[in-house]
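Some notes on the structure that comes next.
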Amino acid sequence: MSPNKTNKSANAQWGGRFTGGPAEVMEQINTSIGFDRRLFAQDIAGSRAHADMLVAQGILSTEDGKAINDGLDTISREIEDEKFPFSQALEDIHMNIEARLRDLIGEPAGRLHTARSRNDQVATDFRLWVRDATDGLEEQLQALQAALIAGAETHAALIMPGFTHLQTAQPVTFGHHLLAYVEMFGRDRGRFADCRRRLNESPLGAGALAGTSFPIDRKQTATALGFDRPMANSLDAVADRDFALEFLSAAAITMTHISRLAEEIVIWCSDGFGFVRLSDAYTTGSSMMPQKRNPDAAELSRAKAGRVFGDLMTLLTVMKGLPLTYSKDMQEDKEPVFDAADSLGLALAAMAGMVGDFEPMPDAMRAAAIKGYPTATDLADWLVSVAGMPFREAHHVTGEIVKAAEARGVLLDQFPIADMQAIDGRITEDVLSVLSIDAALARRTSEGGTAPDNVRAAVAAARKRFLET
Ligand code: ARG
C-alpha cells in the first residue's frame with residue numbers, strides 16, 4: 001500500500017466543491033461499506049418511506065416516486081442475490097444504493113435525497129436495525145427460557161447441592177436452580193423491551209441537523225417505518241446513539257448471565273463434579289487425549305461475554321465528549337453493535353441447545369448434596385422452633401454437633417441421638433425428622449423456596465409469565 005497516493009477523481013456525490021480525489025488512506029479510513037452493508041434492508045425501507053412522503057407532500061412527482069420505488073426493488077434483489085456491485089469508493093451503504101439507483105433509473109435518483117441528509121438517514125437505518133436485532137434476541141431469550149422451564153419441570157424434585165462460595169450449603173433441586181436462570185433471562189428480556197420502547201422514535205426528517213425548509217411530514221415517515229412518533233429535537237435526532245448504548249448494556253448484562261450458566265455447565269461436566277453429561281453435539285474431543293470430552297460451546301459462550309463488554313466500552317468511549325451533533329466518530333457505532341448482536345445470538349443458541357441436551361446424573365448430585373452437613377441449618381432451625389432456643393445459641397449448639405459428627409466421619413442423620421443429647425439435653429428423637437436432605441428439601445416451602453411442590457408451581461407460573469406473552 002502507498003497510503004499517500006491520491007485517487008484521481010473527486011467523489012461523484014459531492015464532487016462539485018472538490019477538484020481532486022481522496023488519498024488512498026483517506027478512502028480506507030473513511031469507508032464503512034465493509035460492515036454497514038448490513039443496513040441495506042433498513043436503508044431501502046427508509047428511502048421508500050421518504051420517497052412516498054415526498055410524493056404525498058407534492059415535493060416529488062408521482063412518476064419519480066414510482067421510478068425510485070421500482071429501482072429500490074431491483075437493488076434489494078441484487079443485494080439479496082449477492083449481485084450488487086458494492087464500491088469502497090462510495091463509502092457507505094447509503095451512497096452505494098443511491099449511486100446504483102442513478103445507474104438504474106437516471107435523474108430521478110438524484111431527487112430522493114431532497115430534504116434528507118445521511119445524518120438522519122443513518123440514524124434511522126441504525127435504529128431500525130437495532131429494533132430488529134432486539135426483537136430477534138428477545139425471541140431467542142424466550143426460547144432459552146422455554147428450554148430451562150422444560151428442564152425444571154422434568155427435574156423439579158432432583159436433589160443437588162446448593163452452593164455458597166462454591167461450598168455445599170443446603171440441598172436444592174436442579175429444577176429450582178434452572179428456574180433461577182429463567183428469572184435472570186426474564187429481566188434481560190425486560191431490558192431489551194425497555195430499550196426498544198425508547199428507541200422507537202423516528203429521526204428521519206431532522207436533515208443534517210436543523211430540520212429542512214421543505215414541507216415534509218415526519219409523522220407519515222415515522223408511521224410508515226413503525227416508529228411511535230418523530231423525535232422531538234432535530235439536533236438530538238442526529239446526535240443520539242443512546243439506543244445503541246442501551247442495546248449494548250442489555251447485551252452485556254445478558255452475557256453475564258450466560259457466562260454464569262456456561263461456567264456452571266463447565267463445572268458440572270468436570271470430573272470432580274460429574275453432575276451433568278453433555279452429548280457429542282455440544283462437546284469436542286482432544287487431538288492428543290482420546291478420553292476427552294470438552295465443553296467448548298459452554299466455554300466459548302462464557303468467553304464471548306468479554307467481547308460484548310468490550311463492545312459496550314468501545315461505544316461508550318466513542319460517544320463520550322462528542323460535541324453536538326453528528327461527528328464521523330459515530331460511524332464507529334456499528335461494528336460493536338453488530339458484533340454484540342452476533343455474539344449474543346450465537347451464545348443464546350448454544351445455551352438453549354446445551355440446556356435441551358444435558359443429562360443430569362442424580363447419583364453424583366445426591367452424593368455431593370449429602371457431603372458437607374447441608375442440613376445443619378435445619379438442625380439449628382429445629383432447636384429454635386421446637387426446643388425454643390434463640391437462633392444464635394442454636395447456631396452454636398449445631399456447630400458443636402457438626403464438629404463431633406465430622407470427627408467421627410458420619411452424617412448428621414447417622415449421628416447417634418444420645419450423643420446429640422450429651423451436647424444439649426433439650427434435643428429429642430423428633431429432631432431426626434429434619435436431618436435427612438429429603439426432609440430438608442421438602443420443608444423449604446416458603447415463597448420462592450426449593451421444595452419440589454414449590455418448584456412445580458413455579459414452573460407453571462413461569463410458563464404463564466414468560467412463555468404466554
Ligand atoms: N457512513 C456514515 C455513518 O455511518 C453515514 C453518515 C455520514 N454523514 C456525514 N455527515 N458524513 O455515520
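For the chain, count all C-alpha to C-alpha pairs, find those more than 30 Å apart, and express that count as a whole percent of the total.
Taking all Cα-Cα pairs of the chain, the fraction more than 30 Å apart is 60 percent.
Between GLU400 and ALA150, what FRET efficiency follows from the Cβ-Cβ distance if R0 is 51 Å, with the result rounded to 0.05?
Efficiency, rounded to the nearest 0.05: 0.70.
How would LYS320, LYS328 line up by accessible area, probe 1.4 Å, largest first? Kindly include the intermediate steps, with their values, before the conclusion.
Values: LYS320 160, LYS328 80 Å².
Greatest to least solvent exposure: LYS320, LYS328.
May I ask you to compute the full-extension gain from PHE391 to ALA303, defined as 0.36 nm times their residue separation minus their alpha-carbon distance, rounded to one decimal in nm?
That works out to 27.4 nm of additional length.
Go through 249-259, 166-176, 411-421 and give me the packing order, highest mean Cβ count within 10 Å leading.
On the way: 249-259: 22.4, 166-176: 20.4, 411-421: 15.9.
Taking the mean over residues of other Cβ atoms within 10 Å, the ranking is 249-259, 166-176, 411-421.
Given the alpha-carbon gyration tensor of segment 146-263, what are the semi-axes of its equivalent ellipsoid in whole angstrom, ordered largest first, with each equal to the square root of 5 times an eigenvalue? Present the calculation step by step, with values, prior to reporting the outcome.
Numbers: eigenvalues 444, 44, 11 Å².
Value: 47, 15, 7 Å, ordered largest first.
Distance between Cα centroids, segment 238-307 to segment 392-460: provide it in whole Å.
Comparing the Cα centres of segment 238-307 and segment 392-460, I get a distance of 36 Å.
For SER9 and GLN57 in the same chain, what is the full-extension length gain: residue separation times 0.36 nm, less their Cα-Cα distance, in nm?
13.6 nm
Which value results when the Cα radius of gyration for segment 217-291 is divided by 2.2 N^0.38 Å? Numbers along the way, then the final one.
Details: Rg = 23.5 Å, N = 75, 2.2 N^0.38 = 11.3 Å.
For segment 217-291, the normalised Cα radius of gyration comes out at 2.07.
Going by average Cβ neighbours within 10 Å, how do the peptides 357-364, 121-128 rank, with the highest at the top?
121-128, 357-364
Just want to confirm a number: the relative contact order over the chain, from Cα pairs under 8 angstrom separated by 6+ residues, in percent.
16
Sorted by accessible area with a 1.4 angstrom probe, largest first, how do THR445, THR19 fall?
Ranked list, largest accessible area first: THR19, THR445.
Students sometimes get this wrong: rank LEU379, LEU432 by accessible area, probe 1.4 Å, all chains present, largest first.
Numbers: LEU379 0, LEU432 70 Å².
Accessible-area ranking of LEU379, LEU432, largest first: LEU432, LEU379.
What is the Cα convex hull volume of segment 270-320 when expressed per residue in Å³? Before the final figure, lay out the partial values.
Values: hull volume 6.0 nm³, N = 51.
Taking only Cα atoms, segment 270-320 has a hull volume of 119 Å³ per residue.
Using only Cα atoms, what Kirkwood radius does segment 335-469 have, in angstroms?
Final number for the Kirkwood radius of segment 335-469 is 18.3 Å.
Normalise the Cα radius of gyration of segment 162-214 by 2.2 N^0.38 Å (N = residues in it) and let me know the number.
With N residues counted in segment 162-214, Rg over 2.2 N^0.38 Å equals 2.30.
With Rg and the Kirkwood Rh both taken from Cα atoms, where does Rg over Rh land for segment 222-378?
Expressed as Rg/Rh, it is 1.17.
Which values, in whole Å and largest first, are the semi-axes of the equivalent ellipsoid of segment 287-374 obtained as the square root of 5 times each eigenvalue of the Cα gyration tensor?
42, 17, 12
Over all directions, the average projected area of the alpha-carbon convex hull for segment 1-154 comes to how many nm²?
13.4
Given the peptides 330-342, 77-89, 210-222, arrange them by the average over their residues of other C-beta atoms within 10 Å, most packed first.
In descending order of packing, they fall as 330-342, 210-222, 77-89.
With every protein chain in place, what's the accessible area of PHE163 (1.4 Å probe, Å², nearest 10)?
Here the accessible area works out near 60 Å².
Ignoring ligands, DNA and RNA, please state the percent of accessible area on the chain from carbon and sulfur, probe 1.4 Å.
53
At each listed q (0.14 Å⁻¹), what is the log10 of I(q)/I(0) that the Debye formula gives for segment 72-168 modelled as equal alpha-carbon point scatterers?
Results for segment 72-168 at q = 0.14 Å⁻¹ read -0.72.
The values are calculated or read from the model by the stated rules, or taken from the named source; none is laboratory data. Predicted model only: the values in this text are computed from it and were never measured. All Cβ positions, even for glycine, are placed from backbone atoms using ideal geometry, and neighbour counts span all protein chains on display. For accessibility, only protein heavy atoms count, side chains too; no ligands or nucleic acids. Shrake-Rupley method; radii C 1.70, N 1.55, O 1.52, S 1.80 Å.
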